[in-house]
1. Go through (1) farther than 30 Å from Asp119 by Cα; (2) touching a helix residue (DSSP H, G or I) at 6+ places or on another chain (Cβ under 8 Å) and name the single condition Thr142 misses.
2. Which of the residues spanning the range 269-310 are surrounded by 15 or more Cβ atoms within 10 Å (Cβ to Cβ), touching a residue at least 60 places away in the same chain (Cβ under 8 Å), over 21 Å from Asn52 (Cβ atoms) and not basic (Lys, Arg)?
3. For the range 237-268, how many residues are free of Cβ contacts under 8 Å to residues at least 24 places away in the same chain, surrounded by 14 or more Cβ atoms within 10 Å (Cβ to Cβ) and either over 20 Å from Pro279 (Cβ atoms) or among the basic types (Lys, Arg) (or both)?
4. Can you tell me which residues in the range 20-64 are of a type in the set (Ser, Thr, Tyr) and in contact with a helix residue (DSSP H, G or I) (Cβ under 6 Å, 6 or more places away or on another chain)?
5. Against the definition (touching a residue at least 60 places away in the same chain (Cβ under 8 Å), under 26 Å from the mean Cα position of the chain (by Cα) and outside the structural domain of Lys50 (by TED's automatic domain parsing)), how does Val210 come out, yes or no?
6. Evaluate the range 42-55: report whether one residue or more is within 29 Å of the chain's Cα centre (by Cα), without any contact (Cβ under 8 Å) to a residue 40 or more places away in the chain and part of a loop (DSSP other than H, G, I, E, B).
7. Only one of Asp318, Asp233 is of a type in the set (Asp, Glu), more than 27 Å from Ala54 (Cβ to Cβ) and either surrounded by fewer than 17 Cβ atoms within 10 Å (Cβ to Cβ) or within 25 Å of the chain's Cα centre (by Cα) (or both); which?
Amino acid sequence: MNISATNVILHSLNYSSEGTLQCTKREGELPISPSIEQFLTKIHSTYQSKTNKAFASFPTDSDKPQVFQRALEQQMAGDLDFVSFSQTAVDCLLAELLKQDFAEQGILLISKYSWTASDYLLIALLQNNESVSVNENLELTTSQHLETSKIQLVTRIDLTLLARSPESNRYLSFIKGRVGRQVSDFFLDFMGAQEGFDAKVQNQVLMKAVEEFCEKEALPIAQKQEVREVAFDYCKEQLKQGEDIALSTLSEQLQESPKLEGSFYDFVSQDYQLEENFPADRSVMRKLTKYVGSGGGVSISFDQKHLGESIQYDADSDTLTIKGIPPNLREQLKRDATGVSASDEDDNGEAPF
């Protein structure tokens, strides 16, 4: 589904000949066109697919909001035009970059658009890369292009949620640094926001709750596996549709399909600090139906339903026994066992006579 853009503007962050980070501001918005909306849709899709997003909000205990928040409130109220707001935003970002001494430059994209039933503000620092192509005269030519597939410095504000529920802790999202305090975290600082909840942690708690719910209900192995698969399928579909996991809906589906006696919603409402709705995390939810592990040069992944059947685990000897290994792995093992290396094979991938 394509987005519908209402405002878009670009500003440039670059270094002067003296080596000072500076900003070149555009004085007017870009005209909305099908190509612009297609470009924004590509960035939106890239952002939607990111699994390492974190959520944040503006402080509610401050009588004096910081510059960015105040400008956003004025823009939403119609007291500040979009161009002026964007110029204030890039000034805030430049000040934070200089304060933090981050060597970041590129094209700052600021856009308002609608998707599904919400309005969003997207702010992304895009890299302006050089590419080489061949023209009709078979000559090499160079051109500039904005990188949209590997964005890391980006934040998005759900304006509809902010207007409806300013007390929410999740109307602002950004791509979270993987280890420690990363460059992406300064997006929080330049907006004067504070981190809300961690979607990955929410998914991990949900997975733990599913397992403990099955134990509480004393479900047999087959029904326990069915519960995991129903939960996984629901979360997978929500992720595909770009929708949040809703605990009440998940609970309803668990009672419909495996026909459980107890209520999963009542169970998680007691001791688990879960949001009513939160985004699915692909890397976490796949562990509902798979065993995954790696270390010491060994990586193992298999569906949980195979444990106890084609795969046996002996806790005393810490050993996995696998019956019926994948055909492509079997062929590699057989080849090495017979002493035929990959270099001995002919062009068709077959060993010589």
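The values are calculated or read from the model by the stated rules, or taken from the named source; none is laboratory data. Keep in mind it's a predicted model, so treat the numbers as computed, not measured. Please note: Cβ atoms are built from the backbone with ideal geometry, for glycine as well, and neighbour counts cover all protein chains shown.
1. (2)
2. Once the filter is applied, which keeps residues that are surrounded by 15 or more Cβ atoms within 10 Å (Cβ to Cβ), touching a residue at least 60 places away in the same chain (Cβ under 8 Å), over 21 Å from Asn52 (Cβ atoms) and not basic (Lys, Arg), the range 269-310 yields Tyr272, Thr289, Gln304.
3. 2
4. Passing the criteria: only Thr51.
5. yes
6. For the range 42-55, residues within 29 Å of the chain's Cα centre (by Cα), without any contact (Cβ under 8 Å) to a residue 40 or more places away in the chain and part of a loop (DSSP other than H, G, I, E, B): absent.
7. Asp318
One line per residue, one yes/no per condition, for (1) more than 27 Å from Ser118 (Cβ to Cβ); (2) of a type in the set (Lys, Arg):
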site	(1), (2)
Leu219	yes, no
Ala222	yes, no
Glu226	yes, no
Glu243	no, no
Ser248	no, no
Glu252	no, no
Lys259	yes, yes
Lys290	yes, yes
